[in-house]
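Only one structure is covered here, and it is reproduced in the block below.
The values are calculated or read from the model by the stated rules, or taken from the named source; none is laboratory data. Here the structure is a predicted model, which means the values were calculated and not measured. Quick reminder, even Gly has a Cβ in these numbers, built from the backbone with ideal geometry, and neighbours come from all protein chains shown. Just the protein is used for accessible areas: all its heavy atoms, side chains included, with ligands, DNA and RNA removed. Shrake-Rupley method; radii C 1.70, N 1.55, O 1.52, S 1.80 Å.
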Amino acid sequence: MNAVFKKHAETFLESSLKGLKEVPAPQNGVPYEYKGDFVVHYNAKGLLSLTSYEYTYSGGAHGMTYRTSHTFSLKDGKELKLSDVINLIGKNKQKLNDLVLNQMKKEGGYLGGFKGVPADADFYLKDNAAVLYFQLYEYTAYAYGFPEFELPLKAWK
């Protein structure tokens, strides 16, 4: 687990430093920003689930925030995928795809392009649910934030 967190932090630092070399000096005294933080969503029953947040601002209308979530079994340190915590076999996979697409269209800001929930989908655990999410601009306009889909664990067994 520590190796995953260390690699994640190093990658963010490297990409931030590379980004600084590719943009012009800040204008009007507005400095560039690079911030990182994390939230522990769940730490019980032998599972740890957290999300890191990376914010960058290097000019323009607004900065960008990126999320990366990791869910681990504390028993063996294995990182879990969404399919390890909810059933995505058979009709459940199509049911999830339909739920996500319909909710994105209903809530507005949908930009198109959704072809289904990928095997490496971003998610985190909280009490009795997995929360699937997508990045800013991935399928919806920036103003709509990170599209999230709470999946009660009992309903997806």
| query | Roughly how many Å is it from the Cα centre of region 1-69 to that of region 77-129, as a whole number? | reply | 23 Å
| If you work out Kirkwood radius over Cα pairs in Å from the coordinates, which of (1) 15.5; (2) 14.9; (3) 17.4 do you get? | (3)
| By how many degrees, 0 to 90 and rounded to 10, does the Cα axis of helix 2-22 deviate from the longest principal axis of the chain? | 40 degrees
| query | Once both labels are modelled 7 Å past Cα along the beta-carbon direction, what's the residue 157-residue 43 spacing in nm? | reply | 2.8 nm
| remark: With label points set 7 Å from each Cα along the Cα-to-Cβ direction at residue 15 and residue 79, the distance between them in nm comes to 1.3 nm
| query | Is there a pair in 7/95; 75/126; 6/75; 35/157; 6/126; 7/91 whose C-alpha atoms are over 28 Å apart, and which pairs would that be? | reply | 7/95; 35/157; 7/91
| remark: Taking 22-35, 123-136 and ranking on average Cβ neighbours within 10 Å, highest first, one gets 123-136, 22-35
| query | If you line up the long axis of helix 91-107 against the longest principal axis of the chain, both from Cα atoms, how many degrees apart are they, to the nearest 10? | reply | 50 degrees
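Counting only protein heavy atoms and using a 1.4 Å probe, what share of the accessible area of region 67-108 belongs to carbon plus sulfur, as a whole percent?
Carbon with sulfur: 50 percent of the solvent-accessible area.
Over the chain, with the other protein chains present, what is the accessible area per residue in square angstrom, probe 1.4 angstrom?
Value returned for the chain: 62 Å² of accessible area per residue.
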| Hey, rough spin-label estimate for residue 8 and residue 111, points 7 angstrom out along Cα→Cβ, what's it come to in nanometres? | 2.3 nm
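Ignoring everything except DSSP H segments at least 4 long, calculate the 222 nm mean residue ellipticity for the chain; use -39,500 (n - 2.57) per segment, divide by total residues, nearest 500.
The helix-only estimate for the chain comes to -8500 deg cm²/dmol at 222 nm.
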